[in-house]
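Q: Take this structure first; my questions come after.
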């Protein structure tokens, strides 16, 4: 918590002085009582000692004063709120290497599960588009707030073909821009791309960094996720029917450069649990915004409640206001 007028907090130094003054007054009252010559008669006149209750209203008044001083300092707090509008393009690799089992139960299954969790986490106002890429890139779902449509599209993902990583980025940029271009100039919602891939670029027209430069030109950050481990393999059957074991490690270096070039972030997800955590973190970044808000009204309201509570207790217990 920070304060716009921190100098006002010096007023809190008055509270110990007031507390000391209250203590002195209480001691003085006690001395007056002792001076009463007939203590037995005093005991008959006073029905019951208020005991600890007499200190509650003054304590509440002091707390109310403290809250008022803090309110005068105009405190500010950093809060996280859901974005009113934004567009996220979810570009998911569906090349043959996504069938590898180094990520349990498979890379593709882990990607589908995490994508479903992501769209459920994002605020309802956020538009999400789904781009699938293997040998070529294509849109499975345009930017929409219809979560059921997105779930159905995610469920159709299948692992096959090569990896057109560069084309996926270029296609995702085009898909995202088409979704936000209809907004008035100066009111275009934020646009970002979540790119998940598990292998190196092996097909397509664009080179990955060439396509990343296009995203950078439009100010579109790419959150790049490398899925899988270096131990990942798939079985490949050649034209002669021979079965070969092909290693399919993720291309971490290229994905890191893509994220760096576009102002996004790079994530490494060697397990399904890691991928879930990565998507949760990305969702908090693209779906929510952190802003500083003044919370003086909360302290002012608290001061009012404390003051009323002190007055009410004083009236109820002692038939007077403090």
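The values are calculated or read from the model by the stated rules, or taken from the named source; none is laboratory data. It should be emphasised that the depicted structure is a prediction, and the values quoted were computed from it without experimental measurement. Please note: Cβ atoms are built from the backbone with ideal geometry, for glycine as well, and neighbour counts cover all protein chains shown.
Q: Going through the stretch 234-243 one residue at a time, which ones are touching a strand residue (DSSP E or B) at 6+ places or on another chain (Cβ under 8 Å) and assigned to a loop (DSSP other than H, G, I, E, B)?
A: Step one: list which residues in the stretch 234-243 are touching a strand residue (DSSP E or B) at 6+ places or on another chain (Cβ under 8 Å), which gives 234-238, 243.
The answer is 238, and nothing else.
Q: Which numbered condition in (1) loosely packed, with under 15 Cβ neighbours inside 10 Å; (2) in contact with a strand residue (DSSP E or B) (Cβ under 9 Å, 6 or more places away or on another chain); (3) not in a strand (DSSP E or B) is the only one that residue 246 fails?
A: (3)
Q: Another one. For residue 225, state whether it is under 17 Å from residue 107 (Cα atoms), at pLDDT below 95, assigned by TED's automatic domain parsing to the domain that holds residue 128 and not in a loop (DSSP other than H, G, I, E, B).
A: No: the conditions fail for residue 225.
Q: For residue 130, state whether it is within 16 Å of residue 279 (Cβ to Cβ) and either outside the structural domain of residue 176 (by TED's automatic domain parsing) or not in a helix (DSSP H, G or I) (or both). Reasoning before the result, please.
A: Values: within 16 Å of residue 279 (Cβ to Cβ): yes; either outside the structural domain of residue 176 (by TED's automatic domain parsing) or not in a helix (DSSP H, G or I) (or both): yes.
Yes.
Q: Right, next: When you go through 253, 281 one by one, which is the residue that is at pLDDT below 95 and either part of a loop (DSSP other than H, G, I, E, B) or loosely packed, with under 15 Cβ neighbours inside 10 Å (or both)?
A: Being at pLDDT below 95 and either part of a loop (DSSP other than H, G, I, E, B) or loosely packed, with under 15 Cβ neighbours inside 10 Å (or both) holds for just one of 253, 281, which is 281.
Q: Is it true that some residue in the stretch 60-79 is touching a residue at least 12 places away in the same chain (Cβ under 8 Å), in a loop (DSSP other than H, G, I, E, B) and surrounded by 17 or more Cβ atoms within 10 Å (Cβ to Cβ)?
A: yes
Q: Name the single residue, out of those in the stretch 286-297 being at pLDDT 85 or above, touching a strand residue (DSSP E or B) at 6+ places or on another chain (Cβ under 8 Å) and part of a helix (DSSP H, G or I), that is surrounded by the fewest Cβ atoms within 10 Å (Cβ to Cβ).
A: Once the filter is applied, the top-ranked residue is 296.
Q: Looking only at the stretch 190-205, how many residues end up being at pLDDT 85 or above, closer than 29 Å to residue 113 by Cα and either over 23 Å from the mean Cα position of the chain (by Cα) or part of a loop (DSSP other than H, G, I, E, B) (or both)?
A: We begin by selecting, within the stretch 190-205, every residue at pLDDT 85 or above; these are 190-198, 200-205.
So of that shortlist, the ones also closer than 29 Å to residue 113 by Cα come out as 190-198, 200-204.
Filter once more, so that each one left must be either over 23 Å from the mean Cα position of the chain (by Cα) or part of a loop (DSSP other than H, G, I, E, B) (or both): 190, 197-198, 200-204.
Looking only at that region, the number is 8.
Q: Let me confirm something: among 175, 135, which residue is in contact with a strand residue (DSSP E or B) (Cβ under 6 Å, 6 or more places away or on another chain) and either in a helix (DSSP H, G or I) or farther than 22 Å from residue 261 by Cα (or both)?
A: Values: 135 fails: in contact with a strand residue (DSSP E or B) (Cβ under 6 Å, 6 or more places away or on another chain).
Testing whether each residue is in contact with a strand residue (DSSP E or B) (Cβ under 6 Å, 6 or more places away or on another chain) and either in a helix (DSSP H, G or I) or farther than 22 Å from residue 261 by Cα (or both) leaves just 175.
Q: Which of the numbered conditions does residue 300 fail, given that it passes all the others? Conditions: (1) surrounded by 17 or more Cβ atoms within 10 Å (Cβ to Cβ); (2) out of contact with any strand residue (DSSP E or B) (no Cβ under 8 Å at 6 or more places or on another chain); (3) under 27 Å from residue 62 (Cβ atoms).
A: (1)
Q: When both residues are 6+ apart or on different chains and their Cβ atoms are under 6 Å apart, which pairs have a first residue that lies in the stretch 203-223 and is on the phi > 0 side of the Ramachandran plot, and a second that is modelled with pLDDT of 95 or more and part of a loop (DSSP other than H, G, I, E, B)?
A: Filtered contacts from the stretch 203-223: 204/164.
Q: To continue, here is another question. Do you know which residues across the stretch 215-233 are touching a strand residue (DSSP E or B) at 6+ places or on another chain (Cβ under 7 Å) and surrounded by fewer than 21 Cβ atoms within 10 Å (Cβ to Cβ)?
A: 221, 233, listed by residue number.
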